[in-house]
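See below for the structure under consideration.
The values are calculated or read from the model by the stated rules, or taken from the named source; none is laboratory data. Quantities reported herein were computed from a predicted structural model and do not represent experimental measurements. Ideal geometry is used to build each Cβ from the backbone, glycine not excepted, and the neighbour counts take in all protein chains shown. Heads up: the accessible areas ignore ligands, DNA and RNA and are worked out on the full protein's heavy atoms, side chains in. Shrake-Rupley method; radii C 1.70, N 1.55, O 1.52, S 1.80 Å.
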Amino acid sequence: MRQQTFTDIEYSGRKRKTKREEFLQVMNEIIQDNSTIFVGAGTTILYALQLINRKNLFFITNSLIAFMYLREHTDYRIILTGGEFSPVTEEFVGEVAIKSFESLNIDIAFAATNGIIDNNVTTAQFVEGAVQNAALAKAKIKCVVADSSKIGVSDIYTFCNLNDFDYLITDEKISKEIFDHYSQYTTILKEHAK
């Protein structure tokens, strides 16, 4: 079975791309020049890489797809963690990936998630969350990125509490009720009203 590439993800999401670009622009706004940034393995975060236009950035990722995009389309410095390769998510996981963060200092970490339910940020596999937790532990600013379809739903494992994040970055489709509910846990940044 052929593995999914960034081009496949870009093509499959073209209809949603415009809306994703609008809310992912928020990510670009909080990144400063000369920052060290962790990006987790997630398609929503992958879309954001196309929009980042800051200077002299240093990226750290366990996502092979994010690494390939950054290598082919930017001149940013990049670290790809080692670890056991997960062909389903195309990311590196396990003890080697976790140890990659021991001596690193991260300005901003962008974690991916499959769902956020109340104070629980969830993922499909424990090992995926463990790598993101290692990165988050070394970050000055912690962000979780989730489009509105992932808010109010859960996957199997809770890897972090929402109140451990500085920001939840999402789109404008969340209702006022959901915005108010999740605001008790963290600051929500969403796309600007047009």
Give the number of residues within region 80-117 that are touching a residue at least 24 places away in the same chain (Cβ under 8 Å), over 16 Å from Ala130 (Cα atoms) and either exposed (fewer than 14 other Cβ atoms within 10 Å of the Cβ) or among the β-branched types (Val, Ile, Thr) (or both). 6
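Tally the residues that are in contact (Cβ under 8 Å) with a residue 24 or more places away in the chain and either under 17 Å from Ile30 (Cβ atoms) or not in a loop (DSSP other than H, G, I, E, B) (or both), restricting the search to region 51-72. First the steps, then the outcome.
Taking region 51-72 and keeping what is in contact (Cβ under 8 Å) with a residue 24 or more places away in the chain, we get 51-54, 57, 60, 62-66, 68-69.
When the remaining residues are screened for being either under 17 Å from Ile30 (Cβ atoms) or not in a loop (DSSP other than H, G, I, E, B) (or both), the result is 51-54, 57, 60, 63-66, 68-69.
Selection size over region 51-72: 12.
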Going through region 97-115 in order, the residues found to be among the small types (Gly, Ala, Ser) and either within 20 Å of Asp166 (Cα to Cα) or part of a strand (DSSP E or B) (or both) are Ala109, Ala111, Ala112, Gly115
I'm trying to understand the selection: among the residues of region 147-166, which are more than 20 Å from Asp107 (Cα to Cα), outside any helix (DSSP H, G or I) and within 14 Å of the chain's Cα centre (by Cα)? Asp147, Phe159
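Would you confirm, using the coordinates I've provided, whether Ile98 is more than 24 Å from Tyr47 (Cα to Cα), touching a helix residue (DSSP H, G or I) at 6+ places or on another chain (Cβ under 7 Å) and not small (Gly, Ala, Ser)? Working first, answer last.
On the way: more than 24 Å from Tyr47 (Cα to Cα): yes; touching a helix residue (DSSP H, G or I) at 6+ places or on another chain (Cβ under 7 Å): yes; not small (Gly, Ala, Ser): yes.
The answer is yes for Ile98.
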Sole miss for Phe179 among (1) over 14 Å from the mean Cα position of the chain (by Cα); (2) under 15 Å from Met27 (Cβ atoms) is condition (2)
Just one listed residue, out of Gln32, Gln3, is at pLDDT below 90, surrounded by fewer than 15 Cβ atoms within 10 Å (Cβ to Cβ) and not in a helix (DSSP H, G or I), and it is Gln3
Modelled with pLDDT of 95 or more and either over 16 Å from Lys142 (Cβ atoms) or polar (S, T, N, Q) (or both): does that describe Asn62? yes
Pairs, please: C-beta under 6 Å, at least 6 apart or cross-chain, first residue at positive phi and of a type outside the set (Lys, Arg) and in region 163-187, second at pLDDT 95 or above and open to solvent by less than 60 Å² (accessible area, probe 1.4 Å)? none
Can you tell me which residue is nearest to Pro87 (Cα to Cα) among those in region 145-165 that are surrounded by 17 or more Cβ atoms within 10 Å (Cβ to Cβ) and among the acidic types (Asp, Glu)? Asp155
When residues of region 132-144 are filtered for being open to solvent by less than 20 Å² (accessible area, probe 1.4 Å) and either aromatic (Phe, Trp, Tyr) or within 12 Å of the chain's Cα centre (by Cα) (or both), how many remain? 5
Looking at region 37-62, which of its residues are out of contact with any helix residue (DSSP H, G or I) (no Cβ under 9 Å at 6 or more places or on another chain) and over 24 Å from Ile98 (Cβ atoms)? Lys55, Asn56
